[in-house]
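Encoded as structure tokens, the structure appears first; notes follow it.
Throughout, read-outs are computed from the coordinates displayed, never taken from laboratory work. None of the values given here were measured: they were computed from a predicted structure. Reconstructed Cβ throughout: ideal geometry from the backbone, glycine too, with neighbour counts over all protein chains shown.
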Amino acid sequence: MRTRHNIKLVVGLVLLLLFVVLAIFGPSFAPYDEDYSKKIKYIQTEEGEQLRAAPFPPSKEHVFGTDKWGYDIFTLMLYGAKYTVFASIAVAIIRVIIGGFFGMYHGLQKREHQWTPRVTLLSGIPPFVIIYFVMIGINIQSSVGTMSLVLLQCMLMIILGIPGVYQVVLAKTIEIRESPFVLASQTVGGNKIHIVKEHIFPTLKGNLLLILVNEVILVLNLIGQLAIFNLFFGGTELQVSPTIYLSITNEWAGLIGQSRLAYYSAKWIIGFPLLGYLLFLFSLYLLANGLKENQREKYQRNVYLQR
């Protein structure tokens with residue numbers, strides 16, 4: 001039986017690794033310091049050299065152009081990549097670890113756990129609404145440090161995301177618990193630790209990877225939704241006369257949110273951060289679809305062998 005190459009899985013992994021590398025070594029690749037700006041410069045035109053003010057379009061000097069304050073967009077994206085990539089992945093991992101643990105633990109119980117209805121009620125409230133009303137008075141022009149805001153936002157996203165993971169793992173664990181091979185293991189004296197180690201976790205492993213990738217996507221979408229309302233990840237700086245909201249961390253969703261009005265005058269200011277954000281999401285969608293295809297092939301192979 002010939003095995004097909006899972007192109008989506010391979011491409012998704014390669015792209016994801018590329019983003020992780022950018023997140024780790026981004027500042028080393030940056031052509032300028034994060035606080036470097038060039039507000040005016042001479043530009044060669046048909047009429048000769050003329051003094052122009054930022055924003056400047058993409059050029060050899062500024063590959064992605066500059067924003068209206070003269071900051072190099074490519075540099076800002078490289079410095080902000082670690083917040084976009086690592087925060088979304090870290091939040092998703094902790095969600096899956098905690099939600100998965102309790103889901104498996106309660107799924108092995110012989111009766112429904114009393115916590116389940118409360119979890120369902122909490123899951124009915126959009127996380128965006130809760131985080132928005134908690135952070136609206138803290139995040140903008142905050143006296144709290146950047147890392148403290150990052151940890152607070154991550155903690156809120158973790159807490160509000162655990163119920164969703166819990167419900168999925170709980171339902172899957174109950175389904176596996178009733179499988180003939182698990183019942184046979186219980187009959188011959190297998191305890192819960194043995195059943196989890198030898199049956200539940202190996203069967204759930206593929207599902208947990210898929211859940212993890214989907215959770216990263218959900219976290220990215222949540223950060224993006226908050227950015228629309230100027231609640232940027234890591235803090236928002238407020239400037240008045242005119243009123244301007246700026247991302248302190250230069251996280252990609254924040255760069256998009258702070259420059260959305262520039263679409264009509266200098267499209268590159270919002271275009272490149274948006275492209276990076278969408279490519280990151282695209283790599284995760286490819287990875288998720290690749291994992292689904294991988295699971296489908298394994299299931300079909302097992303059915304074929306059973307016949």
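If each DSSP helix of 4+ residues adds -39,500 (n - 2.57) and the sum is divided by the residues in the chain, what number results at 222 nm, nearest 500 deg cm²/dmol?
Mean residue ellipticity at 222 nm (helix-derived): -21500 deg cm²/dmol.
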Charge dipole (the chain, unit charges on Cβ, about Cα centre) - positive-most of N230, I200, L22: I200
Degrees separating the helix 7-29 axis from the principal Cα axis of the chain, which is the longest one: 50
Cβ-derived FRET efficiency at R0 35 Å, S143 paired with L18, nearest 0.05: 0.40
Reachable lysines, given that their alpha-carbon falls under 27 Å from the alpha-carbon of K197 and they are not under 8 places away in the same chain: K110, K172, K205, K292, K298
Under 5 Å, built H, 5+ apart or other chain: amide partners of I244: Q239
Packing-based order for 36-44, 125-133, using average beta carbon neighbours within 10 Å, highest first: 125-133, 36-44
Dipole-positive endmost among L209, F133, I93 within the chain (Cβ charges, Cα centre): L209
Calculated diffusion of the chain, Stokes-Einstein form, Kirkwood radius summed over Cα pairs, 4 °C and 1.567 mPa s, µm²/s: 59
Rounded tilt (10° steps) of 267-306 against the dominant C-alpha axis of the chain: 20
Point-to-point label distance, T243-K41, nm (Cα→Cβ direction, 7 Å offset): 3.4
Estimated FRET transfer efficiency (Y132, F201; beta-carbon r; R0 30 Å; 0.05): 0.25
For A81, net neighbour charge (Lys/Arg +1, Asp/Glu -1) across residues whose Cβ lies under 15 Å away: -2
Sorted peptide list for 139-147, 267-275, criterion being average Cβ within 10 angstrom, highest first: 267-275, 139-147
Using alpha-carbon coordinates, inclination of helix 146-177 to the longest axis of the chain, degrees: 30
FRET efficiency for V11 and F101, using Cβ-Cβ distance with R0 set to 41 Å, rounded to 0.05: 0.85
Proximal charge balance of I248 [Cβ under 13 Å; K/R count +1, D/E count -1]: -4
Test item: Cα-centred dipole of region 193-307, Lys/Arg +1 and Asp/Glu -1 on Cβ, debye: 520
Computed over the chain: relative contact order in percent, which uses C-alpha pairs under 8 Å that are six or more apart: 25
